[in-house]
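Trainee: First the structure, then my questions, so here it is.
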Amino acid sequence: MIGLNSRGRPPDPRWYQISALSGLLLYGLASLDFDVGPARVALLLATALGAQFACTRIWRLPAFDPKSALISGLSLCLLLRTNSAWLAVLAAAAAVSSKFLLRAGGKHFFNPTNFGIVALLLATGQVWVSPAQWGNAAFLGFLLAAAGGFVVHRSTRSDVTLAFVGLYLALVFARSVWLGEPLAIPLHRLQSGALLIFSFFMISDPKTTPDSRAGRILFGFLVAAGAAFIQFRLFRTNGPLWSLAAFSLAVPVIDRLLPGRRYVWADSTPALPPLSKGAFHETPDPGPRLGSLLARRQPSRPPVLRLLRGQGGREAL
């Protein structure tokens, strides 16, 4: 059972993500000869945290929160490869600053890591994505760690991951069956660390997915179909990354058609000070007392409808 923090809420799931990504990176550096050195790791993490701190001051936010920037920096360490240190710095800075610059309706459009990678892929021919073939032991170990956090924290965004993984796996295997390929070929395609990071840490980002459960399931299906089309019809690598970047632009439309409750991090402060000009923050959780009063005023909905709208289960990770 998950312990509660000092405010009586479940702990912020980003700490688990940071631990899992850090463990994988340290294991890769120590045992698997990852093609990224300690100096590059330090540069990416320092840039991500520095960009987060600078944006916090520029937008006059109440406090500096390093967790999302750490996740972005660690993910870039695992995925992004370039021979230029300046391009690595640019990718990390673009990833974090995109949360503040590219926004609509109180949400940022893109997952930061996804934006940083795709922007550099588009703008230069000098970066690439490491498929991170870690070997069977490392792959299975990280799969268990990612799936363990996924189950233990009961993410309200588990539905988008399940929708994406379910349809993408089905399309990959269906293609192999159609072509008469042996089972080993689709299994090999799926044994990618990059696909694990994408499925458990990128597409499931609560701040960039649709608010309602029906919207998230639709979003997961769209990204999976787009990824398969790019990968197997356009014959381009990194299909999931390109697809997520493209369909992230449709999230405001999905939120309008299928509205739902906006996600709030578990460690968010219940009450924030008044905003100065040019600042912004997400609307905090109204709290148990106000939430119960609002719930009593709302008419009851059929269980199926409540499930599709994301109201049928626990809303904390």
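Trainee: Pulled fully out, how much extra length does the chain show between R256 and D33, if you take 0.36 nm times their separation in residues and subtract their Cα-Cα distance?
Mentor: On the way: separation 223, 0.36 × 223 = 80.28 nm, distance 4.65 nm.
Gain on extension, R256 to D33, equals 75.6 nm.
Trainee: Right, here's the next one. Using alpha carbons only, what's the Rg to Rh ratio of region 1-100 with Rh from Kirkwood? Each step should come with its number before you reach the end.
Mentor: Working: Rg = 15.0 Å, Rh = 14.6 Å.
Ratio of gyration radius to Kirkwood radius: 1.03.
Trainee: Distances over 16 Å make up what percent of all Cα-Cα pairs in region 70-115?
Mentor: Numbers: 368 of 1035 pairs.
Tail fraction, whole percent: 36.
Trainee: Sorted by average packing, counted as other Cβ atoms within 10 angstrom per residue and highest first, what order do 180-191, 25-36, 157-168, 70-81 take? Can you show the working numbers first?
Mentor: Details: 180-191: 12.7, 25-36: 14.6, 157-168: 21.4, 70-81: 25.2.
In decreasing order of mean packing, 180-191, 25-36, 157-168, 70-81 become 70-81, 157-168, 25-36, 180-191.
Trainee: Specify, per residue and in Å³, the volume enclosed by the convex hull of the alpha carbon atoms belonging to region 161-227.
Mentor: Numbers: hull volume 4.9 nm³, N = 67.
With only Cα atoms used, region 161-227 gives 73 Å³ per residue.
Coordinate-derived values only; no laboratory data. As the structure is a computational prediction, the values presented were derived from the model and not from experiment. Glycine gets a Cβ as well: all are built from the backbone with ideal geometry, and neighbour counts include every protein chain shown.
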